[in-house]
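Accompanying notes for the structure given below.
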Amino acid sequence: MTTKTFASNGSPRKVRPASPAKKADAFVLRLYVAGQTPKSLLAFSNLKKLCEEHLAGHYQIEVIDLLVDPQLARGDQILAIPTLVRKLPMPVRKIIGDLSNTERVLIGLDLLEQK
Amino acid sequence: MPPTKKKQPSVRQLPKAPTGIQGLDEITCGGLPRGRPTLVCGGAGCGKTLLAMEFLVRGAIQFNEPGVFMAFEETTHDLTNNVSSLGFDLEDLVRRKKLVIDYVYIERSEIEETGEYDLEGLFIRLGHAIDSIGAKRVVLDTVESLFSGLPNPLILRAELRRLFRWLKDKGVTAIITGERGDEALTRQGLEEYVSDCVIVLDHRISEQVSSRRLRVVKYRGSTHGTNEYPFLIDETGFSVVAVTSLGLKQEASTKRVPTGVTRLDAMLGGAGYYLGSSVLVSGTAGTGKSSLAAHFVDGACRRGERAVYFAFEESPSQIMRNMRSIGIDLQQWVRKGLLHFQATRPTFFGLEMHLATMHKAVTAFKPHVVVIDPINSFIIGGNEVDVRAMLMRLVDFMKMKQVTCLFTNLTSSGTSGNTDLAVSSLIDTWLQLRDMEIGGERNRGISLLKSRGMSHSNQIREFLLTDRGVDLRDVYVGPEGVLTGSARLAQEARETAAQTAHEQDVERKRIELEGKRRALEAQIAVMRADLDAQEAETLSRLEQEQGRGRQLAKERVSMGLSRKADVGGKTTGQRRQAE
């Protein structure tokens, strides 16, 4: 198994938002990756930038590396990597890909109308 | 040494993973290619999922190869319920770590694509499931749903190609199911990626009756049966009717089974059919096929044997009523539990289901004799080939079980030696009933077309249905042809008259002769009496003569004595007598 080598590479596991203050409409986001592939890294940086821009202060990002916790793939029905799951607010939404199409990410997160 | 023995047949053969599915392993010469993916494709509802599931379940139970079922279409719960009707307890297998069912849920509307992605998540899930129980077998059912659930088919194609390669590297024997496409084998052309073994399932409706078939389209590096094989799905799961695989290894019995009609037994070498043979009774409408079948069943039950009557045209009560009219009471055997009727319309379900139900009834009831009345009603449209295959399978099965089987077959054209089904090669004893139209009436005739392995009569007999059952009579064959019915009776009367006249003639001649003899004897008696009388007279005369001679001698002696003559006097006396 290659899990260990990838995990020890210090993949971004849990990243706390800059401001931990919780609001009623807090966003709980979960990013599923499989090791530090270029696509995963790109997705993570895209996500971070986007959240800072649109959700500053009320979001939470959890990064799950499936190479470390493969059993978690089943729970959120993950097939594609990277996948961003919006756990909150409900309903659950899934966004796949490296998140480089910002407009589609915003639509996926239901943020486009808020603008 | 067992290892060398085991190696020998598979010297140049691919390693294979037996499916445990009846018939499929024969067709594929041992199973699916081990460590490689196999594509199973077919239309909706043709049994892909079931085949795949049975592959896993049997693998887990019979071959100790745990399996992973990745379901893209049905939830774990649905799947468990669906196959529980086939006797598969998935929950138990999951508990014993023999099986992992992973339901993959994809909903297009919930997914937003925002750039490049891959299916690493799927790989990880599958890899995790495989590793968690050490699975040797994997099923992906139906992986093509990814195409409807995820955007960007180009990525999907590349990823699927990678997936199949990955499965090979993992060394698992995999089944990938795919929905049949319009032109290609699968909608998404999966056959391009999975090219080691391709099995196509088919569910055809012909004349409103469905039949299922299976075909191994391709099997790299192995020989395989190339035909389309019918298969069935019943309570015991999937079974492929691999006709060619049955072989001809049945034991041939020399025991005989009476036909129920004494004179018919006599036609068949005096003892009846062979045990475990297949008998065909063919004939046109109303020639008494069912009656002969009823006799056969009745005879078996009378001997205390068990019988199953598969009726496809009449209901049991109708058969029993009709047979009562010729003096056969089948009801009593049903009541005693010796006879079992199973009546269905041929159109009720497909051929394979018929085969399966017959199979089941025979296995459950363990009959000695079986009647199938009639076989031609299975022919609906142009499915003769299927029916023939089914009958072949049935005959082989019956032979294996040593069940004597009687089929009836309605033929359309009078006396031709063909059945509508080319089943004659399956049949050991073939009785033909026919109509004979002579002198303005129709009569029935019976003849033996063939009877393998016994000397049998080659004569046509007249076949009478009386109120005491079937009766066979000799027919008259003369310059006027074959005579039956009243023509036969007339001929019989004529012959009786001629016979009587002849007998009388003989008697008269005998009496005449007797008279002559007596007259002659009387004459002889008279002559003998005459002779006797003459003889007596002659004798008495001789006696007298002799008496007189002696007297003379005496007188001479006494005279000599008185004359004092010497002994020489005797000589003189004798000489005188001679003079």
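For residues that are open to solvent by 30 Å² or more (accessible area, probe 1.4 Å) and within 34 Å of the chain's Cα centre (by Cα), tally how many sit in the stretch B:176-209. Residues meeting the conditions: 7. Here A:Ser100 fits the description: at the interface with chain B (Cβ under 9 Å from one of its Cβ atoms), on the phi < 0 side of the Ramachandran plot, surrounded by fewer than 17 Cβ atoms within 10 Å (Cβ to Cβ) and modelled with pLDDT of 80 or more.
Please go through the stretch B:256-283 and pick out each residue that is at negative phi, open to solvent by 20 Å² or more (accessible area, probe 1.4 Å) and over 19 Å from the mean Cα position of the chain (by Cα). Of everything in the stretch B:256-283, those that are at negative phi, open to solvent by 20 Å² or more (accessible area, probe 1.4 Å) and over 19 Å from the mean Cα position of the chain (by Cα) turn out to be B:Thr262, B:Arg263, B:Ala266. Could you say which residue among A:Ile61, A:Ile107 is over 26 Å from B:Leu160 (Cα atoms), open to solvent by 60 Å² or more (accessible area, probe 1.4 Å), of a type in the set (Val, Ile, Thr) and outside any loop (DSSP other than H, G, I, E, B)? So the residue among A:Ile61, A:Ile107 that is over 26 Å from B:Leu160 (Cα atoms), open to solvent by 60 Å² or more (accessible area, probe 1.4 Å), of a type in the set (Val, Ile, Thr) and outside any loop (DSSP other than H, G, I, E, B) is A:Ile107.
Flag set for B:Phe123, criterion: over 50 Å from the mean Cα position of the chain (by Cα), within 11 Å of another protein chain (Cβ to nearest Cβ) and of a type in the set (Phe, Trp, Tyr).
Against the test of being open to solvent by 40 Å² or more (accessible area, probe 1.4 Å), over 17 Å from B:Asp131 (Cβ atoms) and among the hydrophobic types (A, V, I, L, M, F, W, C), the options A:Ala56, A:Ala43 yield a single qualifying residue, A:Ala56.
Please tell me if B:Glu74 is open to solvent by 10 Å² or more (accessible area, probe 1.4 Å), on the phi < 0 side of the Ramachandran plot and modelled with pLDDT of 85 or more. Even if it seems obvious, please write down each step before you answer.
On the way: open to solvent by 10 Å² or more (accessible area, probe 1.4 Å): yes; on the phi < 0 side of the Ramachandran plot: yes; modelled with pLDDT of 85 or more: yes.
Against the criterion (open to solvent by 10 Å² or more (accessible area, probe 1.4 Å), on the phi < 0 side of the Ramachandran plot and modelled with pLDDT of 85 or more), B:Glu74 qualifies.
Applying a threshold of 7 Å to beta carbon distances and a minimum spacing of six or more residues, or different chains, the list of pairs starting in the stretch A:27-53 at a residue that is closer than 19 Å to A:Val92 by Cβ and ending at one that is aromatic (Phe, Trp, Tyr) reads A:Phe27/A:Tyr59; A:Leu29/A:Tyr59; A:Leu31/A:Phe44; A:Cys51/A:Tyr59.
Being touching a residue at least 24 places away in the same chain (Cβ under 8 Å), part of a strand (DSSP E or B) and not hydroxyl-bearing (Ser, Thr, Tyr) is a property that holds for B:Val138. For the stretch B:141-152, the tally of residues that are of a type outside the set (Gly, Ala, Ser), within 17 Å of B:Ile176 (Cβ to Cβ) and open to solvent by 10 Å² or more (accessible area, probe 1.4 Å) stands at 2.
Right, B:Asp505: of a type in the set (Asp, Glu) and in contact (Cβ under 8 Å) with a residue 24 or more places away in the chain or not?
On the way: of a type in the set (Asp, Glu): yes; in contact (Cβ under 8 Å) with a residue 24 or more places away in the chain: no.
When the stated conditions are applied, B:Asp505 does not pass them.
Take the residues of the stretch B:98-112 that are within 8 Å of another protein chain (Cβ to nearest Cβ) and open to solvent by less than 50 Å² (accessible area, probe 1.4 Å): which is farthest from B:Asp78 (Cα to Cα)?
Of all residues in the stretch B:98-112, those within 8 Å of another protein chain (Cβ to nearest Cβ) come to B:102, B:104-106, B:110-112.
Checking the rest, the ones that are also open to solvent by less than 50 Å² (accessible area, probe 1.4 Å) come to B:102, B:104, B:106, B:111-112.
Details: B:Asp102: 12, B:Val104: 13, B:Ile106: 16, B:Ile111: 24, B:Glu112: 28 Å.
Among residues in the stretch B:98-112 that are within 8 Å of another protein chain (Cβ to nearest Cβ) and open to solvent by less than 50 Å² (accessible area, probe 1.4 Å), the one farthest from B:Asp78 (Cα to Cα) is B:Glu112.
Screening B:Val68 against (1) in a helix (DSSP H, G or I); (2) more than 35 Å from the chain's Cα centre (by Cα); (3) β-branched (Val, Ile, Thr) leaves a single unmet condition, (1). Beta carbons closer than 8 Å, at least 6 apart along the sequence or on distinct chains, pair a first residue in the stretch A:80-92 that is open to solvent by 50 Å² or more (accessible area, probe 1.4 Å) with a second that is of a type in the set (Phe, Trp, Tyr) for A:Leu88/A:Phe27.
The values are calculated or read from the model by the stated rules, or taken from the named source; none is laboratory data. Keep in mind the model is a prediction, meaning the values are calculated, not measured. Every residue, glycine as well, gets a Cβ built from its backbone with ideal geometry; the counts of neighbours run over all protein chains shown. Please note that ligands, DNA and RNA were not included when accessible areas were found on the heavy atoms of the full protein model with its side chains. Shrake-Rupley method; radii C 1.70, N 1.55, O 1.52, S 1.80 Å.
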